[in-house]
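Here's the structure we're looking at; comments come further down.
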Amino acid sequence: MSYILEAKDLRKQYPDKLALKGLNLQLAPGEVFCLLGQNGAGKSTTINLFLGFIEPTAGAAFINGLEVASNALKIKQYLAYIPENVLLYPHLTGLENLSLLSSLAGFKYRESELRDYLGQAGLPAEAMARRVGTYSKGMRQKVGIASAVAKHAQVLLLDEPTSGLDPKASNEFSELLRQLSGQGTAVFMATHDIFRAKEVGTRVGIMREGELVDVRPTTALNTNELEQLYLTYMQ
Amino acid sequence: MSQFSILLHYEWRHFRAARGLVLLTSLLLVVGLYGIYYGTTEVARQRRHLAELPALTRHSEAELRRKFAGPADAGEIGYYHYTFARHQPSPWASLALGQRDVNPYYLKLRLLGLQGQLYASENVNPTKVLSGNFDLAFVLVYLFPLLIIALCFNMLSHERELGILPLLLAQPLRPGVLVAAKLTFRGGLVLGLALGLSAVGLAWAGVPLDGRVALWLALVGLYCLFWLGVALVVAAWQRSSAVNAVALLGAWLLLLVLVPSLLQVCVAAAHPVPQGLALTMQQREAIHGGWDRPKTATMTRFFARYPQYRDTATIRERFAWRWYYAFQYLGDQSVAPLAAAYTQGQQQRHALVAHLGWLSPALSAQTSLNALAGTDLPAHLAFQRSATRYHDALRAFYYPFLFKKIPFTHADYARLPTHAFASPADLGTAARGLWQLLGGVGAVYLLGWALLRGRAVAPR
């Protein structure tokens, strides 16, 4: 079976800390993997390694069969990234920010198409042509989501993407992830949100001190059991 | 549309949104135009003064014609008649005034000893001279780096501090392309402004369209590229905007103030020159001592230099003009080695500074622009040599009247030698400056490139 995202004995040693201790993980197309863990557990390090922002100390990360470290540019055609706090050019409008990010990804959209993507992400129409400097955190997050969707990525790397979103927006986001997953997009989401992980994930992993200590299919657990499992590992 | 073009387009959008930068750029445009106005006005003022000098000489002659209605003793005429050696500025001087404000651009000459007259100049307010010239060269050499610093200090750190860099770098975008687009936009803006101002200045000054125009533009372009390269090195260093700003301002202070000042001190120590005042004092003492020395001793020394007048009548009277001018001449001769050492020392200092220009591109650029405009020290020394030759010609004109006792008639005024001197351009120094700047540009871009290659751009 070919994996769209894969980690093989992935390690990352910072000068003062071993952040990742030999991660092994595979994601198939359409799979939604939710990585749970406390702050500093290694979730963001894992995402940064898949993005090629940092180089592994040992092991390798693969996107679409390509090793990230040696194909840092190529792999970015296949993935999209939404950080915990989407920050954009404040003097540009939501439409202009989206246009910039899409253009850099190689997609040249008309304004109507950009509006569709922003609308799909839940951004109110009246806000689209407004400067991002006037946006709330949630609205910026929606522009980030729109940029990920507009990129038609095969892999979504999400780092606490629903942080700051209101329950309605979070729900819409979950729905969007389900749609993308249904279209074959693999999603790797680092989150603290156990409920959201159970809701949208196909598998959940629990990371503790740089180690993936447990991986379960979400169908095998209900939300309470998942919470208990998580708390057990965090003790 | 390539990623580079997209980023360039958005750089323009970012620039337009940064009102402070737009204001600063506009301000520098206005300041540059003022620099051109200042330079052309100052040169026009000097030209006006120079044009008025022949009228003063004619006025002096008219007075002498009235005083000596008939044939006169040439000694009297030589004593009272004054004329001027004029240092005509080239049109280029408007763009780089150089030392034309501190060195006299005309010399009032009489038949007396020359050395004292060579260093006599108008009294000027030293505090006004201290502030220097606000010409186009000053704007380009001193103020343009500050604009480049303002435009570039947050070239990459802005996106990092804004938090958008992770999103940009999550696209299939080489960090080098992002940096190149940013640098290209800023370079285009700065070079457009610098070369545009130069074009306006060249047209305003009415310089002839020859190779010097290309040399000026190349010097200005390379100097701006050097500072953009320094900004690239600092950006590639990947520190915060505040640290970048401090580093760039430190580089400005180092290369525009500290290194040139230290260089001047070192060069002055390496090539000590006699004080101009000492030279003038020694000459005055030699001339005044002439009154007390035996006339035969004075004339013997004079005839050794001018043997053609050896057979003229022995001086028996208490005062004779030819004896008076002989000890004036000998006064000059007595300080000739000191004067030569003074000039040579100044030339050596200038040459050493020009050779060490690679230590400070600002110094190199300023030296080169002054050399191109003919407003540097060598141009002034050339003017002094020309004035010396003119004074020699005056002596050669008067001596036959004095020693052969030929009466000076009104018709002889028209035969008096005249002087003309125009600033020469020192293309050699300008070309050397060009190579030094080229070397500096190569070094900073190589370092910037190596830093970018060696350290991955950190998105956070």
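The values are calculated or read from the model by the stated rules, or taken from the named source; none is laboratory data. All of these numbers come straight from a predicted model, not from anything done at the bench. Here the Cβ positions follow ideal geometry from the backbone for every residue, glycine too, while neighbour counts run over all protein chains shown. Note: areas computed on protein heavy atoms with side chains; ligands, DNA, RNA excluded. Shrake-Rupley method; radii C 1.70, N 1.55, O 1.52, S 1.80 Å.
Considering B:Leu193, B:Leu197, the condition of being away from chain A (no Cβ under 14 Å), open to solvent by 20 Å² or more (accessible area, probe 1.4 Å), hydrophobic (A, V, I, L, M, F, W, C) and in a helix (DSSP H, G or I) is satisfied by B:Leu193 alone. Here no helices (runs of 4 or more DSSP H) wholly within segment B:1-115 include at least 2 residues being among the charged types (D, E, K, R) and in contact with a Lys or Arg (Cβ under 6 Å, 6 or more places away or on another chain). Name the residue that is least open to solvent (accessible area, probe 1.4 Å), counting only residues in segment B:5-48 that are among the basic types (Lys, Arg) and within 14 Å of chain A (Cβ to nearest Cβ). Looking at the filtered set, the residue picked out is B:Arg13. Only one of the numbered conditions (1) open to solvent by 40 Å² or more (accessible area, probe 1.4 Å); (2) facing chain B (nearest Cβ under 10 Å); (3) part of a helix (DSSP H, G or I) is not met by A:Lys108, and that is (3).
For segment A:44-87, the candidate set comprises residues that are in a strand (DSSP E or B) and either at the interface with chain B (Cβ under 8 Å from one of its Cβ atoms) or free of Cβ contacts under 8 Å to residues at least 40 places away in the same chain (or both); within that set, the residue that is farthest from B:Pro459 (Cα to Cα) is A:Leu66. For A:Ala153, the conditions (1) farther than 19 Å from A:Gln120 by Cβ; (2) at pLDDT 90 or above; (3) part of a loop (DSSP other than H, G, I, E, B) are fulfilled apart from (1).
Every listed requirement among (1) part of a helix (DSSP H, G or I); (2) buried (at least 17 other Cβ atoms within 10 Å of the Cβ); (3) over 14 Å from the mean Cα position of the chain (by Cα) is met by B:His419 save one, (1). Determine, yes or no, whether A:Pro90 is facing chain B (nearest Cβ under 10 Å), in a loop (DSSP other than H, G, I, E, B) and in contact with a helix residue (DSSP H, G or I) (Cβ under 7 Å, 6 or more places away or on another chain). Spelling it out, A:Pro90 is indeed facing chain B (nearest Cβ under 10 Å), in a loop (DSSP other than H, G, I, E, B) and in contact with a helix residue (DSSP H, G or I) (Cβ under 7 Å, 6 or more places away or on another chain). Only one of the numbered conditions (1) away from chain A (no Cβ under 14 Å); (2) at positive phi is violated by B:Val267, and that is (2).
Scanning segment B:114-159 for residues that are in contact with a Ser or Thr (Cβ under 8 Å, 6 or more places away or on another chain) and either open to solvent by 40 Å² or more (accessible area, probe 1.4 Å) or under 30 Å from A:Leu156 (Cα atoms) (or both) gives B:Tyr119, B:Phe153, B:Ser157, B:His158.
Test B:Leu215 against the criterion of being closer than 16 Å to B:Leu95 by Cβ, surrounded by fewer than 16 Cβ atoms within 10 Å (Cβ to Cβ), more than 13 Å from every other protein chain (Cβ to nearest Cβ) and not small (Gly, Ala, Ser), and give yes or no. Criteria not met by B:Leu215. Does A:Arg115 satisfy the criteria of being more than 27 Å from A:Asp193 (Cα to Cα), more than 10 Å from every other protein chain (Cβ to nearest Cβ) and either in contact with a Cys (Cβ under 9 Å, 6 or more places away or on another chain) or among the charged types (D, E, K, R) (or both)? Here the answer is yes, as A:Arg115 does meet what is asked.
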